[in-house]
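Every number here is computed from the coordinates shown, using simple stated rules; none is lab data. Since the structure is predicted, the reported quantities are computational estimates derived from the model, not experimental observations. With ideal geometry, Cβ positions are generated from the backbone for all residues, glycine too; neighbour counts draw on all protein chains shown.
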Amino acid sequence: MSTVQRDASKGALMVLFLVTMIDLIGFGIVIPFLTYLVEDLADSQGIVEVGIWVGILMTSYSAAQFLFSPIWGSISDRIGRRPVLMIGLVGNTVFFTMFGLANTLVVALIARFLAGVFNGNIAVARAYIGDVSTPKQLATRMGLIGAAFGLGFTIGPFIGGELSDPASRWSTFESTIFETYPYLLPCIAASVLSLLSLIVAYKNLPESLPVELRSKKSNVNLISRFKSSSKNIASTLFSG
């Protein structure tokens with residue numbers, strides 16, 4: 001077994017578990033307060049289509065991931081899995097906080113969409129596991145990603161609900177930025193988790209794809225990848 005595989009069995013798999021869990025926390029954290037956030041921003045802008053905006057904001061993150069994950073997969077074939085995973089964690093750190101600071105629905109949509117654009121971590125984490133696993137290990141290790149899905153989707157809504165609108169519940173937060181932006185605290189919590197995950201990955205996650213196995217193509221046709229993803233979405237939405 002290679003050095004990377006030994007490292008994976010000791011610690012790298014748990015880093016991948018953490019990265020995937022953070023992704024799902026970021027997806028689920030908005031669920032408890034998204035309707036209230038849209039209502040607040042819609043009232044200030046005179047917008048009445050609250051339900052439509054809730055749907056748009058809820059799906060934008062996943063739609064962006066669906067569109068751009070193939071592109072990040074191609075990039076990881078060229079530069080390795082590790083840097084792409086870190087780019088995703090940086091994106092989470094920045095855009096989760098940006099979402100909490102949104103003062104218009106458009107800014108909230110941009111933040112949510114960009115968080116998805118810069119985050120292809122789930123697909124790349126699976127590719128990493130494929131790099132370092134034997135056929136016998138693959139199913140068990142992929143199951144770890146599934147467990148991270150479940151845990152992250154459980155923790156995310158809990159954090160979102162418990163930390164929303166802290167100024168109305170705890171005097172410590174009165175007359176602070178958290179009174180102006182009542183949904184900022186859970187977003188900051190998600191950003192901090194992403195930052196901690198980034199630090200852990202930087203220190204403990206070895207590269208899984210050796211240089212000699214990386215794509216030798218001088219140019220990856222990213223536009224064709226994007227078009228392919230777009231066609232997949234269109235066929236899913238409009239088939240039948």
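Data for the structure
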read-out: Sequence of W170, W53, W72 once ranked by neighbouring C-beta atoms within 10 Å, starting from the fewest; value: W170, W53, W72
read-out: At q = 0.18, 0.22 Å⁻¹, base-10 log of I(q)/I(0) for region 94-211 (Debye sum, equal scatterers on each alpha carbon); value: -1.05, -1.31
read-out: Region 1-128: C-alpha gyration tensor shape, a/c 1.5 cut-off, then a/b vs b/c; value: prolate
read-out: Estimated dipole of the chain in Debye, rounded to 20 [Cβ of Lys and Arg +1, of Asp and Glu -1, Cα centre]; value: 1440
read-out: Net length gained if the chain between F158 and T180 were fully extended (0.36 nm per residue, minus Cα distance); value: 5.7 nm
read-out: Region 8-70: equivalent-ellipsoid semi-axes (sqrt of 5 x gyration tensor eigenvalues, Cα, Å); value: 33, 13, 6
read-out: Cα gyration tensor shape for region 67-110, rounded if a/c is under 1.5, else prolate or oblate; value: oblate
read-out: Translational diffusion coefficient (Stokes-Einstein; Kirkwood radius from C-alpha pairs) of region 125-171 at 4 °C, 1.567 mPa s, in µm²/s; value: 99
read-out: Full-stretch length increase - Q45, T59 - with 0.36 nm per residue and alpha-carbon distance subtracted; value: 2.9 nm
read-out: Label-point separation, L138 to Y202 (7 Å along Cα→Cβ), nm; value: 3.4
read-out: Sorted by Cβ neighbour density within 10 Å, fewest at the top, the residues V107, V15; value: V107, V15
read-out: For the chain, alpha-carbon Rg relative to the globular expectation (2.2 N^0.38 Å, N residues); value: 1.09
read-out: Taking L195, L16 and counting other C-beta atoms within 10 Å, the order from fewest to most; value: L195, L16
read-out: Packing-based ranking, highest mean first, of 141-147, 36-42 given that Cβ atoms within 10 Å are counted; value: 36-42, 141-147
read-out: Within the chain, helix-based [θ] at 222 nm, where runs of 4 or more DSSP H residues each add -39,500 (n - 2.57), nearest 500; value: -25000 deg cm²/dmol
read-out: Rel. contact order, % - alpha carbon contacts under 8 angstrom, at least six apart, the chain; value: 35
